[in-house]
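Everything below concerns the one structure shown next.
The values are calculated or read from the model by the stated rules, or taken from the named source; none is laboratory data. Remember, it's a predicted structure, so these values are computed and weren't measured experimentally. Virtual Cβ from ideal backbone geometry, glycine too; neighbours counted across all protein chains shown. These accessible areas exclude ligands, DNA and RNA; they are computed on the full protein's heavy atoms, side chains included. Shrake-Rupley method; radii C 1.70, N 1.55, O 1.52, S 1.80 Å.
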Amino acid sequence: MEVRSKKDNSIISSAQLVSICSNKRIKSSQPGIFCLSQDTCTYFTFSAPGHFDKTIFIGNQPSITLYLFPTTINLDEFEIVDSLRLYELDKIQLRKNEKMFVYHAKKSERIQLDKEEVNLATNNTRQIYGKISGLNYIETSESGIGTEIGVRGLSAERSSNLNIRQNGYDISADALGYPDAYYVPPAQSIAVIESVRGAGALQYGTQFGGMINYRLKSCSFAKDSFSIQSSQTVGSNRFLNSFIGMQARKGKFSFYTNFIYKRGDGWKKNSQFNSKNLYFTGTYNLNKKLSFTAEYSHYYYLAQQPGGLTDAMFLDDPSQSIRSRNWFSVSWNLPSFTVNYVPNSNLEFSSKFFGLIANRKALGFLGNITRVDPLTEREMLLDNYLNIGNETKVVKRYTFNKNTNILVAGIRYFKGNTEKKQGLANDGSGPSFAYNNPSLLEGSDYLFPSTNSALFVENVLYFTKKLSLIAGARGEHISTNAEGYYRIINTDLAGNILTDETILEQKQNDRQFLLFSAGLSYEFSPNFQVFTNFSQNYRAINFNDLRITNSNFRVDPNLTDETGYNADIGIRGMWKELIGYDVSLFYLKYNNRIGFSLKSDPQLFNTYRYRSNISESRNIGLEALLQVNILKLFSLSKPQTSLLGFINTSFVDGRYINSQEVAFQNKKVEFIPNFIARTGITFRKNNFSASYQFNYTSEQFTDATNSTFSSNAISGIIPSYWVSDVSVSYSYKLLKGQFSIQNLLNQVYFNKRAVGYPGPGIIPAPPRTAYFTLSITL
């Protein structure tokens with residue numbers, strides 16, 4: 001008798017046979033082959049790892065081939081198009097295992113953008129991330145060319161407290177050396193946003209906030225086909241967004257590509273902008289097991305920055321600008337190449353090679369907003385980034401205690417190089433990014449090479465069908481280096497140079513550490529789960545922050561790395577497809593949190609933010625999301641009609657504890673709104689859709705001393721604010737039209753006090769703006 005797998009007809013060499021009559025194990029004559037001539041029993045049980053057991057009656061059959069079904073089967077990737085899903089609630093948490101990641105027992109969210117009624121052309125953060133509880137964001141422009149988000153009381157500045165990824169690989173300037181995300185893919189390119197909080201996030205990095213992964217669109221065709229889509233948006237302040245996308249499949253090759261052009265004058269004087277995005281992904285399936293994917297992303301934008309305002313100026317007229325010579329430019333190039341190999345249903349292998357060739361340029365007058373621009377030489381900051389890296393992962397499914405368990409392991413190597421310069425540029429008003437003295441800059445000229453290697457493993461072990469444990473570890477080696485010079489130039493009141501000193505500097509900082517995580521999950525049913533987890537976290541400092549010359553901002557030269565942990569406990573699920581819920585408590589601990597305090601310079605007669613290791617801190621919070629299918633709940637549902645609502649809230653209390661400084665003890669941690677609430681409702685009927693969303697954020701401080709005011713507006717209270725948005729759309733055959741109004745009731749508010757670009761000072765949020773989009777798909 002032969003025992004074969006139903007999956008690929010191969011002989012199962014590890015098959016075992018037990019006689020039901022005698023309960024004795026029968027040895028195989030050859031791997032996967034059994035001889036039953038000497039056994040009088042007619043009932044036998046066959047078993048094999050990764051396959052379902054099978055008991056059969058043999059009788060007098062002289063020869064038989066038995067097929068066992070595998071417990072898991074890997075299918076080719078495809079998209080199920082179901083129009084009815086638009087009328088049902090979102091199951092927002094990520095699946096336990098997808099795209100080589102394990103999300104088991106972790107606080108996670110999954111936002112599928114084609115199911116959300118939002119304005120994608122403007123990357124409206126409030127709407128796009130509306131169902132991610134506890135998320136705080138910064139709004140400085142109606143253009144949507146930058147996304148700045150933070151979670152659990154962590155600063156939203158350029159999303160630097162999150163590991164930001166695109167299709168599973170890093171896209172920030174330097175994930176550990178300089179984690180600021182100057183580039184975020186435009187919403188029109190994104191298929192799904194995956195969010196995982198800090199606890200248990202060892203697979204993709206050590207950041208306290210966790211990970212945001214943008215899964216971009218790819219070819220959705222299962223057979224040979226071709227499609228093209230065009231979307232044009234016009235709006236307030238001469239806003240224009242032009243999108244064109246194409247996808248095709250031919251035989252073993254498929255691709256998706258798009259191009260986006262965006263421009264506008266901005267709602268304030270001196271705030272014009274334009275940007276260009278190009279994205280391409282192509283996949284070649286050599287066979288059913290092996291595939292290769294190549295990707296390339298290009299992003300460029302140029303924006304004039306109107307500068308910040310003092311508190312008095314904001315109250316007088318938030319639309320005014322007293323800076324006309326400030327500019328900011330970003331150029332980002334992201335190539336990647338991925339090898340995916342799936343030899344069988346229980347084993348997956350993926351190796352991603354990725355790189356970054358990019359720069360960012362800032363040009364203008366950075367003096368306090370209380371000073372008038374002297375119209376002299378401008379200051380220019382130039383960063384060049386050249387990075388390369390690889391992440392290789394293996395996912396193994398294995399049987400233990402009659403349950404299928406998951407082991408994921410991987411290695412990472414990253415090499416980055418940041419070139420950072422600061423000096424004087426021309427005294428003009430346009431975006432002319434060139435130094436006056438490139439061979440000897442007035443500020444500084446540095447190279448910051450860094451390397452990072454890591455080894456990680458996580459294992460999901462099922463004790464029963466319902467109770468499971470996930471445990472993991474991550475070992476890291478980080479090396480950050482600095483080599484260059486900075487100048488100290490002292491002048492008299494007339495501007496004459498008194499002293500000019502050039503200081504050469506070379507530093508190296510190597511460290512190794514090991515982090516652990518563990519989590520438990522109990523599934524009462526497929527729609528009701530209780531989970532808890534704990535994960536250690538780490539955030540490395542970087543040298544490049546130390547050498548920026550800015551009268552509004554200084555850094556402690558003895559800054560040290562941050563350590564700590566995240567812990568979660570929560571419940572989530574769905575009741576009768578009518579009510580979805582996700583409620584959790586978290587505790588985030590920093591042992592030596594880096595924060596901002598307010599200090600005074602007696603020589604320059606100004607105040608500035610001082611960045612240092614403040615003290616220990618702890619953030620305690622509640623995050624909750626409730627979704628309701630309103631019509632179904634009250635038995636009012638009709639075909640192709642729905643009314644879906646959600647309420648999303650978070651309560652966070654962050655405090656400095658065990659501080660050596662009385663000024664910090666028990667003070668609130670900066671950039672933490674105690675209460676955030678978002679609620680929305682979406683109505684759909686056939687081809688018509690309309691949605692409304694309301695957002696409220698309570699007040700927050702901007703420094704560890706909890707100062708309420710500073711004359712130069714770089715510190716102080718960010719008052720509470722609320723804002724609402726509305727959007728309607730209608731589809732007819734190949735066409736779709738959408739009209740949206742952001743900040744519907746024209747609220748005046750701000751959520752950023754900048755120490756440098758795009759300020760310094762208060763950066764007001766956009767007022768009411770309106771947009772219309774027309775799309776066609778062929």
| query | Considering region 138-153 alone, what residues qualify as being at pLDDT below 90 and of a type in the set (A, V, I, L, M)? | reply | I145
| remark: Within region 661-678, the residues that are free of Cβ contacts under 8 Å to residues at least 40 places away in the same chain and farther than 15 Å from F651 by Cα are V662, N666, K667
| Out of all the residues in region 326-337, which are more than 21 Å from A434 (Cα to Cα) and touching a residue at least 60 places away in the same chain (Cβ under 8 Å)? | L334, S336
| query | What residue, among those in region 30-48 that are open to solvent by less than 80 Å² (accessible area, probe 1.4 Å) and not in a strand (DSSP E or B), is modelled with the lowest pLDDT? | reply | D39
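Determine, yes or no, whether L598 is farther than 27 Å from T708 by Cα and of a type in the set (A, V, I, L, M).
Answer is no for this residue.
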| remark: Scanning region 702-735 residue by residue, those under 22 Å from P673 (Cβ atoms), open to solvent by 10 Å² or more (accessible area, probe 1.4 Å), at pLDDT below 95 and assigned to a loop (DSSP other than H, G, I, E, B) turn out to be T705, N706, S707, T708
| query | Residues in region 127-137: is at least one at pLDDT 85 or above, over 15 Å from the mean Cα position of the chain (by Cα) and within 29 Å of S220 (Cα to Cα)? | reply | yes
| query | Counting residues that are β-branched (V, I, T) and either over 24 Å from R238 (Cα atoms) or free of Cβ contacts under 8 Å to residues at least 24 places away in the same chain (or both), which strands (runs of 3 or more DSSP E) fully inside region 111-223 reach at least 2? | reply | 148-151, 190-196
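Out of R197, R158, R152, which single residue is surrounded by fewer than 24 Cβ atoms within 10 Å (Cβ to Cβ) and not hydroxyl-bearing (S, T, Y)?
Details: R197 fails: surrounded by fewer than 24 Cβ atoms within 10 Å (Cβ to Cβ); R152 fails: surrounded by fewer than 24 Cβ atoms within 10 Å (Cβ to Cβ).
Of R197, R158, R152, the one residue that is surrounded by fewer than 24 Cβ atoms within 10 Å (Cβ to Cβ) and not hydroxyl-bearing (S, T, Y) is R158.
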| remark: Among residues of region 736-769 being open to solvent by less than 20 Å² (accessible area, probe 1.4 Å) and in a loop (DSSP other than H, G, I, E, B), the residue nearest to F701 (Cα to Cα) is Y749
| query | Which condition number in (1) buried (at least 18 other Cβ atoms within 10 Å of the Cβ); (2) at pLDDT 95 or above is the one that F675 fails? | reply | (1)
| remark: Those residues of region 388-434 that are outside any strand (DSSP E or B), within 30 Å of F365 (Cβ to Cβ) and either among the hydrophobic types (A, V, I, L, M, F, W, C) or open to solvent by 50 Å² or more (accessible area, probe 1.4 Å) (or both) come to a total of 6
| query | Since R249 meets every condition but one in (1) crowded, with 21+ Cβ neighbours inside 10 Å; (2) over 18 Å from D114 (Cβ atoms); (3) touching a Cys at 6+ places or on another chain (Cβ under 9 Å), which condition does it not meet? | reply | (1)
| task | Could you please give the count of residues in region 278-315 that are assigned to a loop (DSSP other than H, G, I, E, B), of a type outside the set (A, V, I, L, M) and open to solvent by 40 Å² or more (accessible area, probe 1.4 Å)? | result | 3
| request: Would you please name the residue that is nearest to K99 (Cα to Cα), looking only at residues in region 219-236 that are open to solvent by 60 Å² or more (accessible area, probe 1.4 Å) and either at pLDDT below 95 or of a type in the set (D, E, K, R) (or both)? | output: A222
| Members of region 363-387 found to be open to solvent by 60 Å² or more (accessible area, probe 1.4 Å) and not hydroxyl-bearing (S, T, Y), listed by number | R371, V372, P374, L375, E377, L386
